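Here's the structure we're looking at; comments come further down.
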Amino acid sequence: MERRRIGHPFAFVNARVGVIAALLFMFAPVTQAWKPKSRGVESGLEPMVLDNNALTESSGLAFSNVDSNCIWTHNDSGGKARLFAFNQNGKYCGRVDLKGVKADDWEDVASYDDDGARLLVADVGDNSANRKSVSLYIFDEPDPRKKSDVRSFQHLVVRYRAGAQNCEAVAVDVKNRRS
């Protein structure tokens with residue numbers, strides 16, 4: 001009786017799925033990444049200068065889901081509750097003010113799509129570890145090429161079980177409904 005070595009029963013199926021996935025990837029629509037207009041900035045040899053004197057300490061950066069040619073940023077702490085928008089040349093093109101909000105120590109901003117373009121601003125900094133709570137503000141992303149006032153937003157207050165913490169960044173996981 002001749003013995004033949006047989007591979008895993010799913011090996012052929014897995015190989016076929018891998019080939020199909022590779023083909024789907026090859027023919028999927030290409031999504032263009034945000035690309036600075038300056039070759040020096042694109043190559044990493046020059047910094048991109050964000051052209052607005054009111055932006056004194058950029059902290060947090062998010063790509064717009066409303067206009068793929070724009071990015072959002074904000075001041076770190078002590079400024080107004082305001083996001084600044086810039087185009088691919090680093091030129092200021094718009095802003096959004098969160099009305100009725102005090103910006104204690106904004107550290108990050110995240111943009112995401114959850115049945116529409118959304119922004120999450122994280123007022124979570126606490127270098128001195130003395131804040132009893134921190135805040136997250138979630139709202140529909142306005143047009144980054146305009147000046148907007150946002151009065152309607154979701155305000156989440158976060159208190160850490162272990163006491164005051166300094167957080168420097170946030171992320172949003174739409175698929176698993178987590179931030």
Fill in the blank from the handout: With all protein chains in place and a 1.4 Å probe, Leu98 shows an accessible area in Å² (nearest 10) of 10 Å²
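What length, rounded to one decimal in nm, is gained on full extension from Val158 through to Glu42, with 0.36 nm per residue of separation minus their alpha-carbon distance? Write down the numbers at each step before the final one.
Working: separation 116, 0.36 × 116 = 41.76 nm, distance 3.75 nm.
Contour length minus the Cα-Cα distance gives 38.0 nm.
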Fill in the blank from the handout: By the mean-Cβ-within-10 Å protection proxy, highest first, 123-133, 106-116 rank as 106-116, 123-133
Fill in the blank from the handout: The long-range amide H neighbours of Asp126, using H built 1.01 Å from N in the peptide plane and a cut-off of under 5 Å, are Cys167
Fill in the blank from the handout: About its Cα centre, region 57-179 carries a charge dipole, from +1 on Lys and Arg Cβ atoms and -1 on Asp and Glu Cβ atoms, whose size in debye to the nearest 20 is 320 debye
Fill in the blank from the handout: Using a 1.4 Å probe on heavy atoms of the protein chains only, the accessible area for Ile71 in Å², nearest 10, reads 10 Å²
Practice task
Measure off, as a whole percent, the carbon and sulfur share of the 1.4 Å-probe accessible area of region 108-179, all protein chains present.
Solution key: 42 percent
Exercise for the section: Report the calculated FRET efficiency for Ser128 and Ser148 (r = Cβ-Cβ distance, R0 = 35 Å), to the nearest 0.05. Expected result: 0.60
Practice task
Can you send over the solvent-accessible area of Thr56, 1.4 Å probe, protein chains only, in Å² to the nearest 10?
Solution key: 120 Å²
Problem - Label-to-label distance, nm, for residues given as Asn89 and Val174 (7 Å Cα→Cβ offset) - result: 3.0 nm
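Placing unit charges on C-beta atoms (Lys and Arg positive, Asp and Glu negative, everything else neutral), compute the dipole magnitude of region 82-141 about its Cα centre in debye, rounded to 20.
340 debye
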Practice task
Provide the per-residue ³J(HN,Hα) series for region 83-99, in order, calculated from phi with Karplus coefficients 6.51, -1.76, 1.60 and θ = phi - 60°, each as a whole number of Hz, with x at glycine and proline positions.
Solution key: 9, 10, 10, 9, 8, 5, 9, x, 7, 4, 10, x, 7, 9, 9, 8, 7
Fill in the blank from the handout: In region 25-179, lysine pairs 8 or more places apart or on different chains with C-alpha atoms under 29 Å apart total 24
Practice task
Name the long-range amide H neighbours of Leu61: under 5 Å, sequence gap of 5 or more, or other chain; modelled H, no Pro or chain starts.
Solution key: Val109
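The values are calculated or read from the model by the stated rules, or taken from the named source; none is laboratory data. This structure is a prediction, so every number in the text was calculated from the model and none was measured. We place every Cβ from the backbone using ideal geometry, glycine too, and count neighbours over all the protein chains shown. The protein model used for the area step is the full one, side chains on, heavy atoms only, and it has no ligands, DNA or RNA in it. Shrake-Rupley method; radii C 1.70, N 1.55, O 1.52, S 1.80 Å.
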